[in-house]
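Asks: One structure follows; several queries about it will come next.
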Amino acid sequence: MFLVYRHLYEWTMHGCYMLQNFKLCLDNGDLKSAWELFLQADTANGWVKLHGAKYAPEISNDDIPNALRIKKLVAAYERHQRYGGGTAHVRDDYGYLSEHSHPNGACLTPYRVITGSQLSFKESHADRTIKGVAHAAATDWLLTIYNLLEVSKETAVRCQVIEILKDLAKQHLAAEKDPSQPTTKA
């Protein structure tokens, strides 16, 4: 679960970075930089740049843009949250998701109970907390996608995204009235 939520969080951070920087390029009429940013988001890959020629010699490392650094994505999501009037906990939330996504005992920490020589597992209150973080990130991601599509003057997909956001809002309101109701459809 943590791994999926971490990926969702990274998509959200990436979307915020792209919206902020792509819009800036377009507002300044800098289509060359907007295109380079698109290519970086679309084709940048640190592993391919470093090792790709070993597996696909026809790919030139010079053709692969440098990958976006995670610290830039974190900063973009922090700006996004502050702009919305919220308190940015991006570093803390992302660190929590990251530490619990590693293939070691840390990913099981919220679920395990060690009593003497006995190891057992339990449901964790961390599940509720992390689901809240994931729900907020998913909503932010959808809003960011909507805004990116708006900047691009796209309409068909944007209408579908707004319908998803409306459905999420209805579910959230229903869950507030009756906390036993799930906030997302299974």
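The values are calculated or read from the model by the stated rules, or taken from the named source; none is laboratory data. Please read all numbers here as calculations on a predicted model, not as lab measurements. Note that we place each Cβ from the backbone using ideal geometry, even for glycine, and neighbour counts take in every protein chain shown.
Asks: Could you say which residue among 88, 106 is more than 30 Å from residue 34 (Cβ to Cβ), among the aliphatic types (A, V, I, L, M) and either touching a strand residue (DSSP E or B) at 6+ places or on another chain (Cβ under 8 Å) or at pLDDT below 75 (or both)?
Replies: 106
Asks: Still on this model: Enumerate the pairs (first residue in segment 62-77 and in contact (Cβ under 8 Å) with a residue 60 or more places away in the chain and on the phi < 0 side of the Ramachandran plot; second residue anywhere and surrounded by fewer than 16 Cβ atoms within 10 Å (Cβ to Cβ) and assigned to a helix (DSSP H, G or I)) with beta-carbon separation below 7 Å, excluding pairs fewer than 6 apart on the same chain, so at least 6 apart or on different chains.
Replies: 74/91
Asks: Looking at segment 116-142, which of the residues that are of a type in the set (A, V, I, L, M, F, W, C) and more than 12 Å from residue 168 (Cα to Cα) is modelled with the lowest pLDDT? Walk me through it before giving the result.
Replies: Start the filter on segment 116-142 by keeping residues that are of a type in the set (A, V, I, L, M, F, W, C), which leaves 119, 121, 126, 130, 133-134, 136-138, 141-142.
Now narrow it down to the ones that are more than 12 Å from residue 168 (Cα to Cα): 119, 121, 126, 130, 133-134, 137, 141.
Details: 119: 84, 121: 81, 126: 61, 130: 70, 133: 78, 134: 78, 137: 85, 141: 90.
Applying the filter and picking the extreme gives 126.
Asks: Can you find, within segment 42-65, the residue that is nearest to residue 22 (Cα to Cα) among those that are part of a helix (DSSP H, G or I) and within 19 Å of the chain's Cα centre (by Cα)?
Replies: This residue is 42.
Asks: For segment 27-36, which positions are under 25 Å from residue 82 (Cα atoms) and at pLDDT 95 or above? Spell out how you get there, then give the answer.
Replies: Start the filter on segment 27-36 by keeping residues that are under 25 Å from residue 82 (Cα atoms), which leaves 27-28, 34.
Result: 28, single match.
Asks: Out of 8, 39, 24, report the one residue that is in contact with a Pro (Cβ under 7 Å, 6 or more places away or on another chain), in a helix (DSSP H, G or I) and at pLDDT 85 or above.
Replies: Selected residue: 39, the only one of 8, 39, 24 that is in contact with a Pro (Cβ under 7 Å, 6 or more places away or on another chain), in a helix (DSSP H, G or I) and at pLDDT 85 or above.
Asks: OK, next. Could you pull out the residue among 68, 73 that is assigned to a helix (DSSP H, G or I) and within 16 Å of the chain's Cα centre (by Cα)?
Replies: Just one listed residue meets the conditions, 73.
Asks: Here's a follow-up. I'd like the residue in segment 10-33 that is over 21 Å from the mean Cα position of the chain (by Cα) and touching a residue at least 12 places away in the same chain (Cβ under 8 Å) and, out of all such residues, is nearest to residue 68 (Cα to Cα).
Replies: Across segment 10-33, the extreme among qualifying residues is 25.
Asks: Out of the residues in segment 126-169 meeting the condition of being polar (S, T, N, Q) and without any contact (Cβ under 8 Å) to a residue 12 or more places away in the chain, tell me which one is farthest from residue 15 (Cα to Cα).
Replies: Only one residue fits best here, namely 129.
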